[in-house]
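The structure appears below as structure tokens.
The values are calculated or read from the model by the stated rules, or taken from the named source; none is laboratory data. Model, not experiment: these values are computed from the prediction. Reconstructed Cβ throughout: ideal geometry from the backbone, glycine too, with neighbour counts over all protein chains shown.
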Amino acid sequence: MSTIQALRGTKDILPTDIGYWQHLEATARQVLAQAAFQEIRTPIFEQTELFARGIGEATDVVGKEMYTFSDRGDRSITLRPEGTAGAVRSFIENKLYGAGGIQRLWYSGPMFRYERPQAGRQRQFHQIGAEVLGSADPRAEVEASAVAGNLLTAVGVKSLKLALNSVGDREDRQRYREKLVEYLTPYKDELDPDSKDRLTRNPLRILDAKVERTREICVDAPSILDVLSAASAESFETEKQGLTTMGIDNTLDNRLVRGLDYYTHTAFEIQSDDLGAQATVCGGGRYDGLVAELGGPETSAVGWAMGMERLILLLQAIQPLPEPSVDFYVVSRGDRAEIQALGVAQTLRQAGYSVEVDLSGSAFGKQFKRGDRAGAKACAILGDAEADNNTVQIKWLNSGEQTEVSQVELLETAKNFHTQNFNN
RNA sequence: GCGGGCGUAGCCAAGUGGUUAAGGCAGUGGAUUGUGAUUCCACCAUUCGCGGGUUCAAGUCCCGUCGUUCGCCCCA
């Protein structure tokens, strides 16, 4: 085959689907602005080192999923696999912390990961994300999850679950890691091969293994919550109370682990049962160490990201898109009429209507048929007779009523169309 | 990176080794060369993702490849 196709794992978003994207984007802009978040747009590619340091060399994302290449100046460049690292880089580079107080930022755009495509997973995918920089208060988590919830509700997605866990700070995790390994080691030979391998590399990961026997073993594993320092535990407790007070349902899931190294303390996911294996629609948590890790001042932070493709999959299942339609469809035949038709279209647009012009030059009957298919409320009709008299016929398609209007007076006359014909 | 399903027109889709590749939607032209939503007629795949093989014969079987889909891994 010689035609060129879109790369594996990439998709065109066609006019038939664009309504979902526009709805999601408009809602995000509105909901986040209401919560005093400001939009930030950062580059789609960055120095590879930003992600290596920020996300963690040992993570799968950095280790085997990044689109990394050398540019013509021999710099190692990476297409961003997520949004937080870039936002934090920008926060530091532009000294946004200098403004003092708390920075609430949001972004949306394409992200890139070299993975095997699946439902709700592509190589180029899109996220909406929000970051709250500069607060160690557990209320920041509560607010961030509340805003995520507001957005999902406003978009119209239903029956989602908020799952919550604390992964503690560095010391907590080190302590927990030891306890967990101690518990799992006797079962070593019963674990699935992947988990067995992780026992030394990344034991926390074993907790969210999918293999049945491994899961059984993990049921009685010690919980990280029992190992948290007094401060970590108290903070987590405050957060849970905050969520409950706000009426946000949440379930504790002490197996929830985040795949990116920068998370500390709170980790949460918003999940749906309707997405198959890719259940997570929104994931986030606290990342107190990241800003300092990337060379900025010690700054506490909380953030989340939503997968737009996944949200749209949910939306498509519950909300059909309205058929596109126009107010006027301009039908014309004959040389002079066809030229005048364009002027009529401009005038109607000036009056605030949406207008589609038929350029086919085919028989009137065909043009009307197309106007009907286009969902037009009315046709503006120009033939030789109208061209001679500088008039235009307006035919309302639901009543069949037709009136003749002078082209010169069309702008004035059109202003009254609204009250007369657009209300039913 | 690993394992399973699938790939016929713009879309949905029949076809399971025998030769003219059903049907529906959409589209185009006409009945109706100045009036739509109904109806009727005609046209719309030398070819079944691509490449190779088996066979007298392949959309149908085999191999490879690309894409897609479901699961694993991982994540949003």
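From the list A:A363, A:A374, A:A337, exactly one residue is over 21 Å from A:P324 (Cβ atoms) and in contact (Cβ under 8 Å) with a residue 40 or more places away in the chain. Which is it?
None of the other options fit; the residue is A:A337.
Scan the range A:81-121 for residues that are touching a Pro at 6+ places or on another chain (Cβ under 8 Å) and within 14 Å of RNA strand B (Cβ to nearest atom) and jot them down.
Residues satisfying the conditions are A:G86, A:M111, A:F112, A:R113.
Suppose the filter is at pLDDT below 85, of a type in the set (K, R) and over 31 Å from the mean Cα position of the chain (by Cα); does A:K188 pass it?
It is true that A:K188 is at pLDDT below 85, of a type in the set (K, R) and over 31 Å from the mean Cα position of the chain (by Cα).
Looking at the range A:195-234, which of its residues are under 32 Å from the mean Cα position of the chain (by Cα) and more than 25 Å from A:R170 (Cβ to Cβ)?
Of everything in the range A:195-234, those that are under 32 Å from the mean Cα position of the chain (by Cα) and more than 25 Å from A:R170 (Cβ to Cβ) turn out to be A:K210, A:V211, A:R215.
Looking at the range A:323-424, what strands (runs of 3 or more DSSP E) fall wholly within it and have at least 1 residues that are more than 10 Å from RNA strand B (Cβ to nearest atom), under 39 Å from the mean Cα position of the chain (by Cα) and closer than 30 Å to A:G19 by Cα?
A:328-332, A:355-357
How many of the residues making up the range A:69-78 are polar (S, T, N, Q) and either under 23 Å from A:V291 (Cα atoms) or loosely packed, with under 10 Cβ neighbours inside 10 Å (or both)?
Number of matching residues: 2.
Scan (1) under 16 Å from the mean Cα position of the chain (by Cα); (2) more than 11 Å from RNA strand B (Cβ to nearest atom) for the single condition A:Q124 breaks and write down its number.
That leaves (2) as the condition not met.
Which pairs do you get when a residue that is in the same structural domain as A:F69 (by TED's automatic domain parsing), found in the range A:42-55, comes within reach of a residue that is assigned to a helix (DSSP H, G or I) and charged (D, E, K, R), reach meaning Cβ atoms under 8 angstrom, with the pair 6+ apart or on two chains?
These pairs meet every condition: A:T42/A:R89; A:E46/A:R89; A:L50/A:R89; A:R53/A:E293; A:G54/A:R89; A:G54/A:E293.
All but one of (1) in a strand (DSSP E or B); (2) more than 10 Å from RNA strand B (Cβ to nearest atom); (3) free of Cβ contacts under 8 Å to residues at least 40 places away in the same chain hold for A:Y183; which doesn't?
(1)
Which of the numbered conditions does A:E57 fail, given that it passes all the others? Conditions: (1) of a type outside the set (G, A, S); (2) surrounded by 12 or more Cβ atoms within 10 Å (Cβ to Cβ); (3) within 28 Å of A:A301 (Cβ to Cβ).
(2)
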